[in-house]
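Contents: one structure, followed by commentary.
The values are calculated or read from the model by the stated rules, or taken from the named source; none is laboratory data. Only a predicted model underlies this, so the values are computations on that prediction, with no experimental measurement involved. Don't worry about glycine lacking a Cβ; one is built from the backbone with ideal geometry, like all the others, and counts go over all protein chains shown.
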Amino acid sequence: MAHIIRTCLWFRDGRGPEAAEFYCNLIPGSRVERRFGADAGMGPFTVTDFSLGGVPYQILDAGPHFTLTEAVSISVETEDQAETDWLWAALTADGGAESVCGWLKDRYGVSWQVFPRRLTELTLSDDKAVSAAATAAMMKQTKIDIAEIEAAVAAARAAA
């Protein structure tokens, strides 16, 4: 028996369908799959099923009972710095907020981690000096700047 597992994000302000459309327009290979609510006998609730890059999500617009927290975030590994910069700008625009180490909150209150693939390669390097230097440099950043991290790695290699 096949199951579709979705992470469900609880929205409280009626902006769930708008958020799903926004996210789908940012991430390639994404789409809104269906929306239902009052027309399906759900009273004031609205549900939006969508996928981001093929990963299924759901937004439940159900009022003020719960709030979004950083305990759940959407993690996006980008191809390069240019894609990181573009996605970061789009997600922090119009009321979003930067955080630390590649984390941000978008205008809807959803937390994201946005980082270039090269960060993963450096922080998970088998060379412990490279991994430590990359991680230390990352911890000082808000939006990930891979050139700064590469410079920290180069300095650690030169010192070794």
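Would you say residue 125 is in a helix (DSSP H, G or I) and among the hydroxyl-bearing types (Ser, Thr, Tyr)?
Taking the combined requirement at face value, the residue does not satisfy it.
Is it true that residue 109 is under 12 Å from the mean Cα position of the chain (by Cα) and of a type outside the set (Phe, Trp, Tyr)?
The answer is yes for residue 109.
Picking from 23, 57, which residue would you name as being within 28 Å of residue 147 (Cα to Cα) and surrounded by 15 or more Cβ atoms within 10 Å (Cβ to Cβ)?
After applying the criteria, what remains is 23.
List every residue pair whose Cβ atoms sit under 7 Å apart, with the two residues 6 or more apart in sequence or on different chains, where the first one lies in the stretch 113-142 and is free of Cβ contacts under 8 Å to residues at least 12 places away in the same chain and surrounded by 15 or more Cβ atoms within 10 Å (Cβ to Cβ) and the second, anywhere, is small (Gly, Ala, Ser) and not in a helix (DSSP H, G or I).
If the second residue must be small (Gly, Ala, Ser) and not in a helix (DSSP H, G or I), the pairs left are 131/125.
Do we find a residue being part of a strand (DSSP E or B) and either of a type in the set (A, V, I, L, M) or in contact (Cβ under 8 Å) with a residue 24 or more places away in the chain (or both) anywhere in the stretch 93-101?
yes
If I ask for residues that are modelled with pLDDT of 95 or more and assigned to a helix (DSSP H, G or I), which ones from the stretch 19-39 would you list?
Within the stretch 19-39, 19, 20, 21, 22, 23, 24, 25, 26 meet the criteria.
Among (1) under 15 Å from the mean Cα position of the chain (by Cα); (2) farther than 25 Å from residue 147 by Cβ; (3) surrounded by 17 or more Cβ atoms within 10 Å (Cβ to Cβ), where does residue 37 come up short?
Exception for residue 37: condition (1).
Could you tell me whether the stretch 82-103 includes any residue that is more than 12 Å from the chain's Cα centre (by Cα) and more than 28 Å from residue 11 (Cα to Cα)?
So far as the stretch 82-103 goes, yes, one or more of its residues are more than 12 Å from the chain's Cα centre (by Cα) and more than 28 Å from residue 11 (Cα to Cα).
List pairs: first residue in the stretch 2-29 and under 15 Å from residue 62 (Cβ atoms), second residue β-branched (Val, Ile, Thr) and loosely packed, with under 15 Cβ neighbours inside 10 Å anywhere in the structure, Cβ distance under 7 angstrom, at least six positions apart or on different chains.
12/67
Looking for something more than 17 Å from residue 106 (Cβ to Cβ), of a type in the set (Gly, Ala, Ser) and in a loop (DSSP other than H, G, I, E, B) - is there at least one such residue anywhere in the stretch 66-85?
Looking through the stretch 66-85, none of the residues is more than 17 Å from residue 106 (Cβ to Cβ), of a type in the set (Gly, Ala, Ser) and in a loop (DSSP other than H, G, I, E, B).
Can you name the condition, by its number, that residue 148 falls short on among (1) touching a Phe, Trp or Tyr at 6+ places or on another chain (Cβ under 9 Å); (2) not assigned by TED's automatic domain parsing to the domain that holds residue 10?
Result: residue 148 passes all but (1).
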